[in-house]
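The values are calculated or read from the model by the stated rules, or taken from the named source; none is laboratory data. Small disclaimer: the values here were computed from a predicted structure and weren't measured. Ideal geometry is used to build each Cβ from the backbone, glycine not excepted, and the neighbour counts take in all protein chains shown.
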Amino acid sequence: MLAQLRARIGALEGAPARTPVPTYAPFTPLVQLRSGGTYVVDAASLALGLIAGASAGGEWVGVLGWPDLGAEAAAGLGADLSRVVLVPEPGDLWLEAAAALVDVVRLVVLRPAGPVDPKSVAVLDARLRKRSAALVVWGEWPRCEARLSLERVAWHGPGRGTGRLVQRRAELAVRRGGAPPTRGAWVLP
């Protein structure tokens, strides 16, 4: 029994630690990105916030499959664009491109062009754990640690039909498995 326990401890010591990845400050009360994890978002602004958190925290971020990335909006949320690598259109080689990015950056943001097969998900999950990186998917993904979504979105600014929009308020919902979502307010400039 002692030998089994030692073998199990040895196996655990060889596994990479699930270390925190810098997360956008307004999101941290609800979610903390961790290496080896996959997180799904349903809105561009959520992906941009996560890009901002990691890059402003000194990490490199790879963005894959998002040709119309809102760089100005990301910078407005605090992203350090000098730490962002963009692969706008990987085509059929998206899995290879994602794996290559996982090897060199701490956070990969992926916008899949279509359905993703379970084998590709398993390959990328293993790579994330081995390289201590995290994945954010804007779109459908079969398995994840948490799903972030915007609810009750309202724009503010124009008065009596004139003027310009100055801010957007939303409720951020974070869902983990079958547990009830945790929620918090988010005000976007």
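Scanning the stretch 58-82 for residues that are surrounded by 18 or more Cβ atoms within 10 Å (Cβ to Cβ) and touching a Phe, Trp or Tyr at 6+ places or on another chain (Cβ under 9 Å) yields L64, G65, W66, L77.
In the stretch 55-75, the residues that are in contact (Cβ under 8 Å) with a residue 24 or more places away in the chain reach residues that are of a type in the set (F, W, Y) and in a strand (DSSP E or B) with C-beta atoms within less than 8 angstrom, at least six apart or across chains, in these pairs: W66/W138.
Only residues that are farther than 15 Å from G139 by Cβ, in contact (Cβ under 8 Å) with a residue 12 or more places away in the chain and surrounded by fewer than 20 Cβ atoms within 10 Å (Cβ to Cβ): list them for the stretch 92-114, please. Residues satisfying the conditions are A97, A99, D103, V104. If you check R147, R183 for being part of a strand (DSSP E or B) and either surrounded by fewer than 16 Cβ atoms within 10 Å (Cβ to Cβ) or of a type outside the set (D, E, K, R) (or both), only one passes: R183. Specify which of the listed residues (V85, V121, V105) is within 16 Å of the chain's Cα centre (by Cα) and closer than 18 Å to T23 by Cβ. Result of the check over V85, V121, V105: V105.
Going by the conditions given, is R106 of a type outside the set (A, V, I, L, M, F, W, C), in contact with a helix residue (DSSP H, G or I) (Cβ under 8 Å, 6 or more places away or on another chain) and modelled with pLDDT of 95 or more? Considered against the rule, which asks whether it is of a type outside the set (A, V, I, L, M, F, W, C), in contact with a helix residue (DSSP H, G or I) (Cβ under 8 Å, 6 or more places away or on another chain) and modelled with pLDDT of 95 or more, R106 comes out as yes.
Collect the residues in the stretch 115-141 that are assigned to a loop (DSSP other than H, G, I, E, B) and exposed (fewer than 13 other Cβ atoms within 10 Å of the Cβ), keeping them in residue-number order. Those that are assigned to a loop (DSSP other than H, G, I, E, B) and exposed (fewer than 13 other Cβ atoms within 10 Å of the Cβ): P115, D117, E140.
Selection of first residues in the stretch 128-153 that are free of Cβ contacts under 8 Å to residues at least 24 places away in the same chain and of second residues that are of a type outside the set (D, E, K, R), restricted to Cβ pairs under 8 Å at least 6 apart or on distinct chains, gives the following pairs, ordered by first then second residue: R152/A170; V153/A170. Residues in the stretch 152-180 that are β-branched (V, I, T) and either surrounded by 11 or more Cβ atoms within 10 Å (Cβ to Cβ) or not in a loop (DSSP other than H, G, I, E, B) (or both): V153, T162, V174.
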